[in-house]
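The values are calculated or read from the model by the stated rules, or taken from the named source; none is laboratory data. Everything quoted here is computed from the prediction, not taken from an experiment. All Cβ positions, glycine included, derive from the backbone under ideal geometry; neighbour counts span all protein chains shown.
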């Protein structure tokens, strides 16, 4: 690129130089140059000016970085695309430092960071008390059950999540729920056995057509799931703590998406008439272990259970017992009681169990979108400007 002939004072100065150069070239060479030669001279002038403008921007960036680094901490190496995509998005901003630290080492270094993405790490009072420079704890997704929000508030730290409805996260999770439902209906594990044994036309699976699906928790994921299930010809029933009086005005949900609506106290009644139950609840004090022996017993014999929300919603022993007794017809989960999932867990011995490694929301669309949100928030934090694109919990 040609050496800049001048030093701009502002972006306005850059644009002025571009305009002046165009006018000078036009008046000086009008009628004496071919159109292509005229274009070449304009292009060379633009290259020179933009070269100077880029240098000016770099100098300004360096001046901004003299304020000090804004340090962003990702806890642990799991969900690698979260930190990889964020680093990629922020690579042109040298004043933002993104580090990935093993969870065991986080307590030793957390005092050095201004912003933190906890991922699967538990943030209790003790850990938060060490975060002396921390301004923001933001989850790469929606789950904040591992963060002591009261402690963060006490120490003046904001806590936030990324709304799932605007990044593709809820849509991705809804698709995974359908993947697990279809895998169970079509008996995915048994199909692999049939292939290994060179058998054709087996097993005999089932279809979604005519089934009743109970969506337990009609938030963003539940809504997106209902939208995608409707074309399969199913009957949809759903529970939610509080339904909007006019659901057609809520997140694009129309009244014809749900055939029957219920409240929290209706979960056992709805479970008793559903062919498929899908857990889309948030995990909190009231929902931990909500799928227990009582709930499972209320489900129709042979019905399917899918969980794309949080592993803690299901009581492990009750679920295992229901599978062993044959009452539960199939289990499809993307989240587990302990994570990473134990590959030797006895629950894996069943052919009617499908488990995926917490990847429901891990798609290119979702993770690229969330990386942009995290990156933009880090830049806003550095500039001490209002934080946008996130939902605060305190």
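If residue 314 satisfies all but one of (1) in contact with a helix residue (DSSP H, G or I) (Cβ under 8 Å, 6 or more places away or on another chain); (2) within 22 Å of residue 273 (Cβ to Cβ), what's the number of the condition it fails?
Unmet condition: (1).
How about region 192-223: which of its residues are touching a helix residue (DSSP H, G or I) at 6+ places or on another chain (Cβ under 9 Å) and either over 29 Å from residue 288 (Cβ atoms) or surrounded by fewer than 15 Cβ atoms within 10 Å (Cβ to Cβ) (or both)?
199, 200, 201, 202, 203, 205, 206, 207, 208, 209
Check region 313-324 and report whether any residue there is outside any helix (DSSP H, G or I) and either without any contact (Cβ under 8 Å) to a residue 24 or more places away in the chain or over 26 Å from residue 78 (Cα atoms) (or both).
no
Each row is one residue, and each column tells you yes or no for (1) modelled with pLDDT under 95; (2) over 24 Å from the mean Cα position of the chain (by Cα); (3) within 24 Å of residue 137 (Cα to Cα).
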site	(1), (2), (3)
285	yes, no, yes
316	no, yes, no
334	no, no, no
350	no, yes, no
366	yes, no, yes
384	yes, yes, yes
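Check every one of the strands (runs of 3 or more DSSP E) wholly within region 79-138 and list those with 1 or more residues that are surrounded by fewer than 17 Cβ atoms within 10 Å (Cβ to Cβ).
Correct list: 96-101.
Out of curiosity, is residue 270 out of contact with any helix residue (DSSP H, G or I) (no Cβ under 8 Å at 6 or more places or on another chain) and assigned to a helix (DSSP H, G or I)?
Criteria met by residue 270.
Please count how many residues of region 295-311 are closer than 15 Å to residue 268 by Cβ and in contact with a helix residue (DSSP H, G or I) (Cβ under 7 Å, 6 or more places away or on another chain).
Here the count works out to 5.
So which helices (runs of 4 or more DSSP H) are wholly in region 144-259 and hold at least 1 residues that are farther than 23 Å from residue 335 by Cα?
It comes to 149-154, 188-196.
Just to be sure, is residue 157 farther than 21 Å from residue 78 by Cβ and over 18 Å from the mean Cα position of the chain (by Cα)?
Yes.
Given 137, 128, which one is closer than 30 Å to residue 286 by Cβ, modelled with pLDDT of 95 or more and in contact with a strand residue (DSSP E or B) (Cβ under 6 Å, 6 or more places away or on another chain)?
Criteria check complete, one pass: 137.
Looking only at region 139-162, count how many residues are surrounded by fewer than 16 Cβ atoms within 10 Å (Cβ to Cβ) and either closer than 21 Å to residue 69 by Cα or in the same structural domain as residue 223 (by TED's automatic domain parsing) (or both).
The number of residues fulfilling the criteria is 1.
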